[in-house]
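Below is one structure, written out as C-alpha cells; comments come after it.
The values are calculated or read from the model by the stated rules, or taken from the named source; none is laboratory data. Everything numeric here is computed off the predicted structure, so don't read it as measured data. Cβ atoms come from the backbone with ideal geometry, glycine included; neighbour counts cover every protein chain shown.
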Amino acid sequence: MPSIATTVQASGKKQADTTPPAPTIILAPLRGITDALFRNLLQHHFGGINQAVAPFINPQQKAPFDDKLLRDVLPEANQKTLPVIPQLLHTDPEGFLTLARRLGDLGYQEINWNLGCPAPMVTRKKRGSGFLPHPEEILALLDQVLPQLDLKLSIKTRLGLREPTELLKLLPRFNDYPLTGITIHPRLGCQLYKGTCDLETFKRCLILSRHPLTYNGDLTTADTFQALQQRFPSINSWMIGRGLVANPLLALEIRGERFQQDERIERLHTFHEDLYTSYRRRLAGPSHLLGRMKLIWSYLAASFEQSDKVFKRIRKTNSEEQYLAVVNEVFRESQTARKRHESSCSVPQ
Ligand SMILES: Cc1cc2nc3c(=O)[nH]c(=O)nc-3n(C[C@H](O)[C@H](O)[C@H](O)COP(=O)(O)O)c2cc1C
C-alpha cells in the first residue's frame, strides 16, 4: 500500500512558492487514550497543538444524567494552554440539547458532533457514521437543535457508512447551516481503519462545502503533512490522532523542529514517567493501569526501532514491576543502540 507521502508526490503537483501560514493542529479524540490527563501532559511535555477535541460523551440514560460523565471536560481538569472542544454523539434533539446546555454552563462556547464513529456498537444504533445514510434525519436534528443552541457547533465525520456519496450529498446541504467547520476523515465507516484514506473524494468535498474543512487521517510524519499541504493548499487545519500518540513530537516536527534520536528518546522517557505516575494515582489498581499504558504503547512503540518487538515485550508484562523493568530496558537499549551506531559511524582519527 503506498503511503500518503508517496501517493501525493506521485501526482507531480508543483510546490507553491509562497510560504503557507502556520498550520492549526488539532488533537483528535481517541476514546480511552486522549483523556484530559493525556492531553495536558502531551501539551506540557511537547506542545505545538492548538486545540483538542475531547472523546465523545455518551450518556447511557436519559437526562438528568450523572455528572461523572463530564469529568473529562470539567474546566479544572483541563489546562488553559490547550483549548478543548467537547464532543456529542446524540441523535435525539432532547438529549443533545440537555448535554449541550450543561456544557455551556461549564463555560464551553463550542461543541462538536460526532458523525464519524465506525464502531459497530455505535453504528448499529444509527449513531456516529451509522447516521450518515439518513441525511433527512441529520438535517432534521440540526433544524431542531440549532435554533435553541447557544453554542457554536462543528461536525466531525467520515465519507459515509458504506458509500462516499453519503457525505457528498450532505455537504451542499450543510452549507445552509451555521456550522463553524467540518472535520473529515476520508474513510468509510465500514472500513474501520483499513485501507487508505480516499484523498480524491476529500478533494471533491473541498469544492462542495462552504464551511472551513479540517483534514484528518493517517498523518504520521512531517513529510506526510507536507505532501498533504501541497495537495490541499486551501486546508490550514489538521487533526491528528494516532500519529501524535505514536510520535508525541510530531506537532513540533510539522512546525519545522528537528530532533536527534537520543533527545527524542530522553523526552519520551520523561513523558512516560509522568504519564505512568499520574495514571497510577488516577486509575484503580494495576490491571487498569497496565491496560491503559499498553494501549498507549500500542501506538507509542512506533517511536522505537523494532517497534513490533518492543510492543510485544511490553504487552506480555503482567505486574507493575515487570512492566517498569521492561519499559526501562526499552529506553536504555534505545540509548545504547544509538551510541553503538554513532561509534561505528565515527571517522577514525
Ligand atoms: C482508539 C480510538 C478511539 C477513538 N475515539 C474517537 C472519539 O471518541 N470521537 C471521534 O470523533 N473519533 C474517535 N476516533 C477517531 C479519531 O478521532 C480519528 O478520526 C481517526 O483515528 C483518524 O485519525 P488518525 O489517523 O490521525 O488517528 C477514535 C479512534 C481510535 C483509534
Next on the checklist: Quick check on LYS125: is it at pLDDT 95 or above, surrounded by fewer than 18 Cβ atoms within 10 Å (Cβ to Cβ), closer than 24 Å to GLY243 by Cβ and basic (Lys, Arg)?
Outcome noted: no
Item to check | Filtered residues of segment 195-210 (kept if in contact with a strand residue (DSSP E or B) (Cβ under 8 Å, 6 or more places away or on another chain) and either within 22 Å of LEU300 (Cα to Cα) or within 12 Å of the ligand (Cβ to nearest atom) (or both)) | outcome: GLY195, CYS197
Checklist entry - What are the residues in segment 27-57 that are within 13 Å of the ligand (Cβ to nearest atom), in contact with a helix residue (DSSP H, G or I) (Cβ under 7 Å, 6 or more places away or on another chain) and of a type in the set (Gly, Ala, Ser), if any? => result GLY32, ALA52, ALA54
Checklist entry - Regarding ILE155, is this residue within 23 Å of ASN236 (Cα to Cα) and either surrounded by 14 or more Cβ atoms within 10 Å (Cβ to Cβ) or in contact with a strand residue (DSSP E or B) (Cβ under 9 Å, 6 or more places away or on another chain) (or both)? => result yes
Checklist outcome for this item: Contact list, first residue from segment 231-259 and away from the ligand (no atom under 16 Å from the Cβ), second anywhere and part of a helix (DSSP H, G or I) and basic (Lys, Arg), beta-carbon distance below 9 Å, six or more apart or interchain, is ARG231/LYS203; PHE259/ARG267
Checklist outcome for this item: Just one listed residue, out of LEU219, LEU179, LEU171, LEU213, is away from the ligand (no atom under 15 Å from the Cβ), buried (at least 19 other Cβ atoms within 10 Å of the Cβ), within 24 Å of ALA22 (Cα to Cα) and assigned by TED's automatic domain parsing to the domain that holds LEU27, and it is LEU179
Checklist entry - Of all residues in segment 49-76, how many are crowded, with 19+ Cβ neighbours inside 10 Å, of a type outside the set (A, V, I, L, M) and within 23 Å of PRO212 (Cβ to Cβ)? => result 2
Checklist outcome for this item: Among helices (runs of 4 or more DSSP H) entirely within segment 181-263, at least 1 residues that are over 30 Å from PHE331 (Cβ atoms) occur in 199-208, 222-231
Item to check | Boolean, ARG187 is crowded, with 21+ Cβ neighbours inside 10 Å and either farther than 21 Å from GLN87 by Cα or modelled with pLDDT of 95 or more (or both) | outcome: yes
Next on the checklist: Exactly one of these conditions fails for LYS194: (1) crowded, with 20+ Cβ neighbours inside 10 Å; (2) over 17 Å from SER234 (Cβ atoms). Give me its number.
Outcome noted: (1)
